[in-house]
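> My questions all concern the structure below.
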Amino acid sequence: MPKFFGCTPAGPTRQAIEKFENEVMVRQDSQMLVGTVYLDMQENAWAVAVAYNHGRAPGLHGHENALEVRYSYAPGAGNTAQMYRSDPGTVTSLNTGPFADPDSFARYAIDHERAVANHAA
């Protein structure tokens, strides 16, 4: 399944994604979850999603993500990005930006999520 939609991330962004997926884990209900990063960069909306799942392989029918996080930003619409987390089910506004390109937004979202995951640990 493709992880990048509407973009081809630059080398540093790909490295940041790979490093995040290899290093960051979150604890939920006494279990460790590993994250997979997805990018969806369209002309009028950019999004970075992290799907956290159990470290084991899914069963026959797969599973839903144990935790989902989504960062979204509308280029040219100001300095506010949105962060949705499925564990409390809330959307938080983040004062940030503007971002020059999708890669800078993706790296910001990855760095922010790493900080949130490390704080929760």
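The values are calculated or read from the model by the stated rules, or taken from the named source; none is laboratory data. Quick caveat: nothing in here was measured; it's all calculated off a predicted structure. Cβ placement follows ideal geometry from the backbone for every residue including glycine, while neighbour counts extend to all protein chains displayed. Note: accessible area is taken over every heavy atom of the protein model, side chains too, but ligands, DNA and RNA are not part of it. Shrake-Rupley method; radii C 1.70, N 1.55, O 1.52, S 1.80 Å.
> Express the accessible area of the chain per residue in Å², computed with a 1.4 Å probe while the remaining protein chains stay in the model.
60 Å²
> Would you work out which of Asn118, Thr13, Val37 lies farthest towards the positive end of the dipole of the chain, given +1 charges on the beta-carbon of Lys and Arg and -1 on that of Asp and Glu, about the Cα centre?
Result: Asn118, furthest along the dipole toward the positive end.
> Show that you can apply the helix-only estimate: for the chain, add -39,500 (n - 2.57) for every DSSP H stretch of four or more residues, divide by all residues, and state [θ] at 222 nm to the nearest 500.
-9000 deg cm²/dmol
> May I pose another question? Could you tell me the largest-minus-smallest coordinate of the C-alpha atoms of segment 2-121 on each of the three principal axes, in descending order and whole angstroms?
So the three principal-axis extents are 41, 27, 24 Å.
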